[in-house]
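Here's the structure, in structure tokens; my notes come after.
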Amino acid sequence: MFRTGILSRPVTRSVVSVLAIGSGAYITKSLLSTAHAESKETPKAFSGFGFTTLRLHSTKDVNHNTKRLVFEYSDPTATSGLSLTSSLLTLTRPEGRWLPVPRPYTPISDLDQEGYIEFMVKKYPNGKASTHIHSLVPGDTLTFATALKGHQWTPNQARQVYLIAGGAGITPIYQLAQGILKNPAEKTKINLVFGVNTEQDLLLREELEVFKNRYPDRFEYTYVVSHPEGGADGFQKGYVTQELLKGIMKDGDAKVFVCGPPAMEKALVGPCGRAGILAQLGFNKSQIVNF
């Protein structure tokens, strides 16, 4: 989770579909000879166990340490086959290492998107996997292992959900929000709290703004920036504190999803069985999901 997507869909004759990604585009041909072919089940890029190697189509710098990477499926009509909320285990082999380095990453593209899958990857200092992934150029490949399933969301599982993200932890939070909002059967309301260090770390800001404009009665957000570089335009200065959350999280029956740096998660969920901020606000363990 877009500005990108399939612009034309396959029909019962040979067609050419243009997949627009960022400022570029590429053409993929799909051949469907009969109406009967349309009734076949959509192929899934990730199904069952095993390994899947995908070719990198394009990359885009988001800020000084974060990139968006688009990988294409071998079958342009395939979808991911993943469910909310899922991540994929990547296997990289940085130069000089005998054994592969496994790391999970959460797709940000619509899980039902045909032809490609997109990730947002933050490069960490001395991060073996993230450094290798950032070094990839279009035409290179990356190997993915079995999908990792998180909390199994079902439509209208909760009347209200609170999503609390910190930094790169926005990716699973965003995937969940996107999946809920795009489902016409859903009535769940979403309130996002997104804490970062600087304005440049407000990842997926444009996409979140689209959610707000498209679903004004169901999606709200609060940005919190600890070290803003300019004026506080469109966000609050400071940290994700108990006092801030108390003014936002007013539905005690809601579901709460948390993903962020370890220190943030520890403060919210609670260390070593002790009550964290969320417990002090009245939420019990069954209401809290820590990605």
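Values quoted throughout were computed directly from the atomic coordinates according to the rules given, and no laboratory measurement underlies them. Owing to the predicted nature of the structure, the values given are computational and were not obtained by experimental measurement. Cβ placement follows ideal geometry from the backbone for every residue including glycine, while neighbour counts extend to all protein chains displayed.
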- Reported to two decimal places, what Rg/Rh ratio describes the stretch 66-137 when computed on Cα atoms with Rh from the Kirkwood expression? 0.99
- Item | For the stretch 139-247, alpha-carbon Rg relative to the globular expectation (2.2 N^0.38 Å, N residues) | 1.19
- Per the Cα gyration tensor, the stretch 66-218 corresponds to an equivalent ellipsoid with semi-axes, largest first in Å, of 28, 19, 14
- Message: P(r) for the stretch 40-88, please, calculated from all Cα pair distances in 10 Å bins and given in %.
- Response: 21, 45, 28, 6, 0
- Over every pair of different alpha-carbon atoms in the stretch 125-196, take the mean of 1/r and invert it; report that Kirkwood radius in Å. 15.0
- Item | Cα point-scatterer Debye curve for the stretch 241-280, base-10 log of I(q)/I(0) at q = 0.16 Å⁻¹ | -0.39
- Task: Please report how far the C-alpha centroid of the stretch 214-291 lies from that of the stretch 109-134, rounded to the nearest whole angstrom.
- Result: 25
- Message: Calculate log10 I(q)/I(0) of the stretch 200-277 for q = 0.11, 0.18, 0.24 Å⁻¹, where I(q) comes from the Debye formula with a single equal point scatterer on each Cα and nothing for solvent.
- Response: -0.36, -0.97, -1.40
- Which residues in the stretch 131-148 place their backbone N less than 15 Å from a point set 7 Å from the Cα of R97 along the Cα-to-Cβ direction? 131-136, 142-145
